[in-house]
Amino acid sequence: MAIKGKNIKWKDRKRFLRMPLSFTRYALSDDRLFLQTGVFNLKDEEVVLYRVRDIGLKRNFGQRLFGVGTLTIQSSDRSMPTLVLKNIKDPYKVKEMIHDGVEEMKIRRKVRIGEYSTSLLDDHDDEDDDLDDLHDDEDDDD
């Protein structure tokens, strides 16, 4: 994977039985996560780190035996909203590296996306609100 002029923090390949016998390559720079697939026809994808919303880690029994795992990265990137890093070595370490890079980029670019829950907007009060009571009192005066 030729990424010129970038400080590569981590790179790996998709692994089979802990050996990098795949033509799928992954790399992490200061500001982006890269995916390259193919042998003769190469396809390059990238996700800018400040767009990452969630990082998930999955390790089935076979992956645990061979010391690999699969990271699933959800982002707001339109071309690749879900990026899957399959069977990578040291998945916990890589997850933390990506997380740290995401936080650093969001701070550097001053990007913060609030997480709102509908439960925060709902007061879970089944009885009428005070404003509704006040409105009803005004109608009774007429």
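The values are calculated or read from the model by the stated rules, or taken from the named source; none is laboratory data. Since the model is a prediction, treat every value here as computed from it, not as a measurement. For neighbour counting, all protein chains shown are included, and Cβ atoms are generated from backbone atoms with ideal geometry for every residue, glycine included. Ligands, DNA and RNA are excluded from the accessible area calculation, which covers all protein heavy atoms including side chains. Shrake-Rupley method; radii C 1.70, N 1.55, O 1.52, S 1.80 Å.
The set of residues from region 61-81 being polar (S, T, N, Q) and outside any strand (DSSP E or B) comprises Gln63, Ser76, Ser79. Name every residue in region 14-50 that is of a type in the set (Lys, Arg) and in contact (Cβ under 8 Å) with a residue 40 or more places away in the chain, in order of residue number. Scanning region 14-50 gives Lys14, Arg15, Arg18. Of the residues making up region 23-47, those that are in a strand (DSSP E or B) and either closer than 15 Å to Gly101 by Cβ or touching an Asp or Glu at 6+ places or on another chain (Cβ under 7 Å) (or both) number 11.
Scanning region 26-56 for residues that are farther than 14 Å from Lys6 by Cβ and open to solvent by 50 Å² or more (accessible area, probe 1.4 Å) gives Val39, Phe40, Asn41, Leu42, Lys43, Arg51, Arg53, Asp54.
Does Thr72 meet the test of being under 24 Å from Glu104 (Cα atoms) and surrounded by fewer than 13 Cβ atoms within 10 Å (Cβ to Cβ)?
No: the conditions fail for Thr72.
Taking each residue of region 75-103 that is within 16 Å of Lys58 (Cβ to Cβ) and looking for partners that are open to solvent by 40 Å² or more (accessible area, probe 1.4 Å) and not in a strand (DSSP E or B) with beta-carbon atoms closer than 7 Å, six or more apart or interchain, yields Lys86/Lys14; Asn87/Lys14; Pro91/Arg59.
Scanning for something out of contact with any Phe, Trp or Tyr (no Cβ under 8 Å at 6 or more places or on another chain), part of a loop (DSSP other than H, G, I, E, B), of a type outside the set (S, T, N, Q) and at pLDDT below 90, does region 12-22 turn up at least one residue? Taking every residue of region 12-22 in turn, at least one turns out to be out of contact with any Phe, Trp or Tyr (no Cβ under 8 Å at 6 or more places or on another chain), part of a loop (DSSP other than H, G, I, E, B), of a type outside the set (S, T, N, Q) and at pLDDT below 90. Filter region 84-111 down to the residues that are part of a strand (DSSP E or B) and over 12 Å from the mean Cα position of the chain (by Cα), then identify the one that is surrounded by the fewest Cβ atoms within 10 Å (Cβ to Cβ). In this case the residue turns out to be Lys89.
With respect to being modelled with pLDDT of 95 or more and aliphatic (A, V, I, L, M), Ile107 falls outside the description. For Tyr50, the conditions (1) part of a strand (DSSP E or B); (2) within 18 Å of the chain's Cα centre (by Cα) all hold with the exception of (1).
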